[in-house]
Every structure is written in structure tokens, then in C-alpha cells.
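The values are calculated or read from the model by the stated rules, or taken from the named source; none is laboratory data. The structure displayed is predicted, hence computed values, not measured ones. Cβ: placed from backbone, ideal geometry, glycine included. Neighbour counts: every protein chain shown. Each accessible area value is taken on the protein alone, full model and side chains, heavy atoms only, with ligands, DNA and RNA left out. Shrake-Rupley method; radii C 1.70, N 1.55, O 1.52, S 1.80 Å.
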Amino acid sequence: MKKFNGYISTDEGSYSFFRTKLRQHGATRIIGKPMTEEYDYDYHIFIKFKASFAVIRRILLDKMLIDYVRIKNFPMHKLVKLSHFSNMKIIQQSEFNPMLHYSDSRIGWHVDIDIITYIANYSLNKRALIDQLKENGLNKAEYVCISDKWVRFYGYNTISELVRYMVNDYPFPIVCYYIDKNNILDSSSSSYLKKFIAKYSSIATNTLSRNVYTQLLDEYLKEDMKKIPEQIKFINHSKQSDTNSKEYRFNRTFSNKITNEIAQMHFLKGITHLVITPKFVELTFEDQSTRQFLFGSKRLCPEVQHTKESDILIEHFIAKDLLNSIVFELDLPF
């Protein structure tokens, strides 16, 4: 019977726990020892073992070992049940055409699930896989590609169908969207979508052309605007604000220090006062002039820049970043 080499390498957990687990599943030639904990950063566990195909399968199905076990030269794809994908077409990676439905305003996407994660969480539970895809708006997957590293799903959706998941700050799994032939958007957080739009702001704010970039901006603004009323209510219920239950108007005077940098943005003049309403954020500068930034506005503001980036900002992004910075500050526990 063929035996495969495996190992556990980690600086977490207990050496005896991993060794016991491997024995319970039937692994043999378990060799290793914990490093001495003379220095915290030196502490490490390394265990080598051998196991048959059936034993490897049992080990990989153990969710308590999912983040620690690695197997050398093991045909992981053989543990994937193809019957789970009866409603999809099994393809090779090169066969997917992300632009197939581009003219119908449906963009292509793909999502990878690590093969070890898939085996432990979904190989025995098709319903769990369907629910996971649905939770991330990916239940319209049409194709699947299986390798020894991952299970990759492909599909097509409209921007309006996908954007609520694009703005999720903690997406799992991470989705790659084919915005056009040259650009793939990696949705590891909503800030990536925002930076992507800002990078192509001249296209996204073009009122004469309706394209995937203008759709991205429109749908992003629509989702972002939904959060504003609750955020303003939150800051008005803090002790540092003036409460007006009808208008939810927030005021702040910067009396201690005049600055021209706030919320990681650089303004041309020092700021002395800030007002936030459901419609706009207003700044008063040291020369008593004022400037309003409207929520939902697509206007480009070349006079305002990020302190760490050179992209010209869209007006809504400025207003929302100012609002977010106040909410973050008031939400701190100290």
C-alpha cells in the first residue's frame, strides 16, 4: 500500500495534541519534537508522518487540523466528489471566457476555495457549499475547475447583483471580478473597490458614456449612501456632539490645533470647523471660507488629495471619509 509523506509545521497549539490526532487517524512513522521555548519567537512545532490514501482522507476531513497539515505529492483532486457539481460544467482554467456576456452588462468572476478547506468543510456537505456561495452572491456559478491546490468556481453577474458583496469588508472567500479584458478587481475589502474606482475616476465619472466603470461607481454610491443616516445618528448620540433629532447635524470646532490634514486627506488650507449633515460635509477654513462636499456627488476634486496617494478624489469619497473618520474616533474605547 502506497504511503504519502505529510507534515505539520506551526508555532501554535500543542505538540502532544497534534501527535495524538495523527495517531488516532492511523498515521505511522510520526517523528518530531517541540522546540524549546527558550525564546518566544523560537517556539515551533514540526512533525513528520506517513499515511495511506484512506488515512490522509481522514486527516484532511478533521477540521481541527485544517490549518496545519500539508501532504507532499498527494492527489487532492481525487477527494473531490464530482457529483457535487452536477449543475455546473467542469472545465480547464483556460476554457473560461470572462467577456462572454460583457455586451449584456454581465461581468465574469471566479472564486477559489483552497483544496484543504474544501475537503474539510464541503466535501461531505454539498448544502454547506451551496449556502457559502449564495451568502457571497455567487450562487450563479456555471463552471468549476478542480486542481490539487483549489476548487475554482466561475460565473457571470451584473454589477448591481454583485456590488453589495464587493463592498463587504470581510469577504470570504475572496472573489476576482473581470472588470474588462485588462483589469481584474480583487475583492479583499471594500477599500479595494474604492481605490479601483478612484484609479479610473475619469472613466467612471464620464456622464456621456455608460460603461462598467460608471455602473461600478453608481452602484457603489447607492450602497454607500445607505450607511450614512445610521452613522450620523451614532455620532450625534455621543457626548461630543450637538444633538438634533430631526436633522442629525454634527458640529465640531478644532480649537486646539489648526490643521490641513484630516482623514488622511490633504487640504489647501487649515481647517477650523466641521459640520456633517445627511446631505453634505462642510469644512470651514482658517480664512473663514467654507467648502461643502456632497454625499453622492461624482464631481472630481483636484484640490484635495490623499496624504499617501496622488489620485484626485471623487467628492462623495471625501465626504464619506470625513464621516468615517469621526465615527471611528468616537467609537474608540479610550
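So which strands (runs of 3 or more DSSP E) are wholly in segment 261-318 and hold at least 2 residues that are over 19 Å from residue 202 (Cα atoms) and without any contact (Cβ under 8 Å) to a residue 40 or more places away in the chain?
Here the list reads 265-276, 280-285, 290-294.
When you check residue 139 against the structure, is it in contact with a Leu (Cβ under 6 Å, 6 or more places away or on another chain) and not aliphatic (A, V, I, L, M), yes or no?
Yes, satisfied.
For the condition β-branched (Val, Ile, Thr) and assigned to a strand (DSSP E or B), what is the one hit in 144, 163?
Of the residues listed, the single one that is β-branched (Val, Ile, Thr) and assigned to a strand (DSSP E or B) is 144.
Sort through 59, 47, 71 and tell me the only one that's at pLDDT 90 or above and either open to solvent by 50 Å² or more (accessible area, probe 1.4 Å) or over 22 Å from residue 151 (Cβ atoms) (or both).
Only one candidate passes the filter, namely 47.
For segment 167-222, which residues satisfy the criterion of being within 18 Å of residue 296 (Cα to Cα), in a loop (DSSP other than H, G, I, E, B) and modelled with pLDDT of 85 or more?
Within segment 167-222, 200, 205, 206 meet the criteria.
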